[in-house]
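Below is one structure, written out as structure tokens; comments come after it.
The values are calculated or read from the model by the stated rules, or taken from the named source; none is laboratory data. In this text the structure is predicted, and so the values were computed from the model without any measurement. Cβ sites come from the backbone with ideal geometry, for glycine too, and all protein chains shown count toward neighbours. SASA here: full protein model, heavy atoms, side chains in, ligands and nucleic acids out. Shrake-Rupley method; radii C 1.70, N 1.55, O 1.52, S 1.80 Å.
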Amino acid sequence: MRERERLRIAVQKSGRLGDPSRELLARCGLRFRESRDKLFCYGESMAIDLLLVRDDDIPGLIDEGVCDLGFVGRNVLGEYMLDNPSEHGGLHEIQALGFGACRLSIAIPQESEWEGPAQLAGKRIATTYPKLLCGWLVRNNVVATAVALSGSVEIAPRLGSADLICDLVSSGATLQANQLKEAAVVLQSEAVLVGAATVPDGERGKLLKQLLRRLDSVRNVRASRLVILQAPRDAATIIAGLLPGCPQPTVTTIDGMPDQIAMQAVCSGDVNWHHLEAMKRAGARSLLVLPVEMMLA
Ligand code: PRT
Ligand code: ZN
């Protein structure tokens, strides 16, 4: 069989992760043409295509070599990896993507007190993530039963099929609506980029590395701000020390004002009013904070 030359990424078709995943790829400069059945997107700007699928299928598609990369929740990836110790060299989380944050948590009835893992002994816990739950129970020396369900976990206690639940939580509103409360976090999750443990050879390998560099850059840009200011020359060192993220600022002279400087710096992380006020007290003026659109080191 001829080696596939185009890189293929598995993305959730609909649901919580579909849109943010595709937005992130668009920010990396990738443009696609969707097939009529909306299951395949042909990469027009680079030889990178998308397969639009259910999130649960993403780890398997990479494991089988159908796709090279995927955007999926750490919860889905973690459960798959525990369930399928791979014959194909394994999958790995390449990087966290900063969206889709949630927790896989054990929830107990609102009226119960949480006294620690030991109180779960002998209980039946309904979950869609039995392997992750069992791992947590073992690590906490608790003998309890994971009742594997494919959905509607939160109603299991009312139906009598379980005593407690272990489910994904973000705002906590669903737990509250079911008279439950979060007791212990089994896994902190968010969307992650997953790939095979071995990088493909040839053209696909080059594309993969190029895409990872762009994803890194998009992530850095998101967390970066360009700070521009003017200040007396003798305050420059103090002001540079107040810039968040310890950047190396560029300092230039201002024509006709030998005792004044202009400074600009790309700061990583949050630049807030507190930072600006501290710089102003140190002598800075004409302070500007701008978002960064693109960055290539
Ligand atoms: O159809 P497909 O199988 O592709 O989608 P799906 O229905 O299985 O997945 P989807 O789109 O619901 O979730 C995809 C991924 O988003 C999950 O695997 C998580 O990694 C992540 N994610 C982030 C969440 C949540 N937040 C979340 N809140 N997944 C599910 N929920 C559920 C939660 O279990 C609760 O029942 O949403 C409900 C509301 O949460 P609260 O706490 O805000 O009330
Ligand atoms: Zn799913």
- request: Output the qualifying pairs, or none if there are none: Cβ atoms under 9 angstrom, residues six or more apart or on different chains, first residue in the range 54-72 and more than 13 Å from ligand 2 (Cβ to nearest atom) and open to solvent by 40 Å² or more (accessible area, probe 1.4 Å), second residue modelled with pLDDT of 95 or more and not in a helix (DSSP H, G or I).
  value: 66/8; 66/10; 66/51
field: Total residues in the range 21-34, condition in contact with a strand residue (DSSP E or B) (Cβ under 7 Å, 6 or more places away or on another chain) and outside any strand (DSSP E or B)
entry: 3
- line: Filter the range 41-52 for residues that are touching a residue at least 40 places away in the same chain (Cβ under 8 Å) and away from ligand 1 (no atom under 16 Å from the Cβ); the one that is surrounded by the fewest Cβ atoms within 10 Å (Cβ to Cβ) is 47
- line: Within the range 20-40, the residues that are open to solvent by less than 40 Å² (accessible area, probe 1.4 Å) and either among the aliphatic types (A, V, I, L, M) or within 16 Å of ligand 1 (Cβ to nearest atom) (or both) are 20, 21, 24, 25, 30
All positions within the range 153-174 that are buried (at least 20 other Cβ atoms within 10 Å of the Cβ) and in a helix (DSSP H, G or I): 153, 156, 157
- line: Among strands (runs of 3 or more DSSP E) entirely inside the range 50-132, those with 1 or more residues being among the hydroxyl-bearing types (Ser, Thr, Tyr) are 102-109, 124-127
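Conditions (1) out of contact with any Ser or Thr (no Cβ under 8 Å at 6 or more places or on another chain); (2) outside any strand (DSSP E or B); (3) surrounded by 12 or more Cβ atoms within 10 Å (Cβ to Cβ), marked per residue:
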| residue | (1), (2), (3) |
| --- | --- |
| 225 | yes, no, yes |
| 228 | no, no, yes |
| 231 | yes, no, yes |
| 235 | yes, yes, yes |
| 238 | yes, yes, yes |
| 259 | yes, no, no |
| 263 | no, no, yes |
message: Given the criteria more than 16 Å from ligand 2 (Cβ to nearest atom) and closer than 26 Å to residue 185 by Cα, does residue 5 qualify?
response: no
query: Out of (1) away from ligand 1 (no atom under 14 Å from the Cβ); (2) surrounded by fewer than 18 Cβ atoms within 10 Å (Cβ to Cβ); (3) among the basic types (Lys, Arg), what's the single condition that is false for residue 13?
result: (1)
task: Return the total of residues in the range 1-10 being away from ligand 1 (no atom under 16 Å from the Cβ) and either at positive phi or hydrophobic (A, V, I, L, M, F, W, C) (or both).
output: 2
task: Inspect all residues belonging to the range 182-193 and state whether any of them is open to solvent by 70 Å² or more (accessible area, probe 1.4 Å), assigned to a loop (DSSP other than H, G, I, E, B) and not aromatic (Phe, Trp, Tyr).
output: no
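Could you please let me know if residue 98 is open to solvent by less than 20 Å² (accessible area, probe 1.4 Å) and either closer than 26 Å to residue 24 by Cβ or within 16 Å of ligand 2 (Cβ to nearest atom) (or both)? Even if it seems obvious, please write down each step before you answer.
Numbers: open to solvent by less than 20 Å² (accessible area, probe 1.4 Å): no; either closer than 26 Å to residue 24 by Cβ or within 16 Å of ligand 2 (Cβ to nearest atom) (or both): yes.
No: the conditions fail for residue 98.
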